[in-house]
1. Just to be sure I understand, how many residues within the range 25-69 are among the polar types (S, T, N, Q) and part of a helix (DSSP H, G or I)?
2. Give the range 297-345 a look and list any residue that's surrounded by fewer than 21 Cβ atoms within 10 Å (Cβ to Cβ), free of Cβ contacts under 8 Å to residues at least 40 places away in the same chain and among the charged types (D, E, K, R), or say none.
3. Can you name the residue in the range 1-33 that is charged (D, E, K, R) and under 24 Å from the mean Cα position of the chain (by Cα) and, of all such residues, is modelled with the lowest pLDDT?
4. Starting from the range 240-263, keep only residues that are in contact (Cβ under 8 Å) with a residue 12 or more places away in the chain, then list their pairs with residues that are of a type in the set (Val, Ile, Thr) and assigned to a helix (DSSP H, G or I) whose Cβ atoms are within a distance under 9 Å, requiring at least 6 positions of separation or different chains.
5. Considering only the range 79-89, I want to know if a residue exists there that is outside any loop (DSSP other than H, G, I, E, B), under 27 Å from residue 276 (Cβ atoms) and either in contact with a helix residue (DSSP H, G or I) (Cβ under 6 Å, 6 or more places away or on another chain) or at pLDDT 95 or above (or both).
6. I'd like to check something: does the range 111-130 contain any residue that is assigned to a helix (DSSP H, G or I) and exposed (fewer than 15 other Cβ atoms within 10 Å of the Cβ)?
7. So which residues in the range 192-237 are in a loop (DSSP other than H, G, I, E, B), touching a helix residue (DSSP H, G or I) at 6+ places or on another chain (Cβ under 7 Å) and touching a residue at least 40 places away in the same chain (Cβ under 8 Å)?
Amino acid sequence: MSWRAAFQDQARACRDLGSPFTATLLEGFANLGLPDGPIGARITSWPGDMSSNGASVPLRLAGALHGLVLEGQDSELTAFYPPHAPTEADLHKAACAAISRHESYIDQRLNDAPQTNEVARATALILAADALFERFDLPLVLSELGASAGLNLNFDRFRLCTPGGDFGPPDSPVILTPDWRSPAPEPHGFTVADRQGVDLSPRDPVAERLRLLSFIWPDQTARFARISAALDLATAHPPRVDQADAIDWLEGRLSQHLDGRLHLVYHTVAWQYFPHPVQDRGEALLAEAGARATEEAPLARLSMEADGQGPGAKLTLTLWPGGTEHDLGRFDFHGRWIDWIAPNL
């Protein structure tokens, strides 16, 4: 895929996911070109897949420009950001000028893969945890793969509002209100006994707050506020995220003896980026651990990943003992809607 096609493809995805501003920004680069100089040269000669299936270079650049705005480093660029709605040509001119003014900053930021920490995905985590607790009546041990800053390790501290009743603490600063395309389940409650995550490049939710927020699309104010609230919560309840290869780390987590607790391993739009040999090893480790699982120490795996079918991502819960797989429906990548299938556990 050419660099222009990668920018156009990402622009379409941004528009579909409710960010016309980011779509216009990326379309401007695709249609009108990148600025002359080292940044344009680096992007146009990027090695490997720069699309959303690979390095996500368009979102790296968009995040870098938003970072300049959030950090107050470029007032001229800020004048073209929401709530302003510039034309494609005007936004492109302003963005190219900002790139030329801040080449060193942009170049450094292009090294960072986007880490959106989409806490609205926690809707699926909350529903699955509630169903598992209802079935087993055991406290949960959480292991998140690709946890980034670990915001979703605090999902039991979020408030999920549904037509069937609300989940989580009523005073939570993080409130999830997805659109329901299916009947909503009744809340029962669950307990988390331990929570840990892993990431190749974990982010500090306090020290790197603005960097994390820079990957939120600037015109999505509700999403920005929700993730800001989750960052505040992470300051009060710091999540533990280890820096390691996800499957090496998972092997250690699965080797623990957890009698009287249910081990929930989960990943949201992360597994699909693992190399195929790594995926195969992870599947084998989960199957081996599942063979050791008992009713007193069950193992569950929740997967929210793209499956090429759409809309949104596929939700799948695998439960041991037994290794039964449950189709939980589909979920918008940014948590805007859910089509939930209640599992018969």
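1. 2
2. 305, 307, 314, 325, 327
3. Residue satisfying both the conditions and the ranking: 16.
4. 245/278; 246/278; 247/278
5. no
6. No, the range 111-130 has no match at all.
7. The answer is 203, 205, 215, 216, 217, 218, 219, 237.
For (1) under 17 Å from residue 300 (Cα atoms); (2) under 18 Å from the mean Cα position of the chain (by Cα), each residue gets a yes or a no:
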position: 231; (1), (2): no, yes
position: 239; (1), (2): no, yes
position: 255; (1), (2): yes, no
position: 265; (1), (2): yes, yes
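The values are calculated or read from the model by the stated rules, or taken from the named source; none is laboratory data. Only a predicted model underlies this, so the values are computations on that prediction, with no experimental measurement involved. A quick note on method: Cβ atoms are made from the backbone with ideal geometry, for glycine too, and the neighbour counts reach across all protein chains shown.
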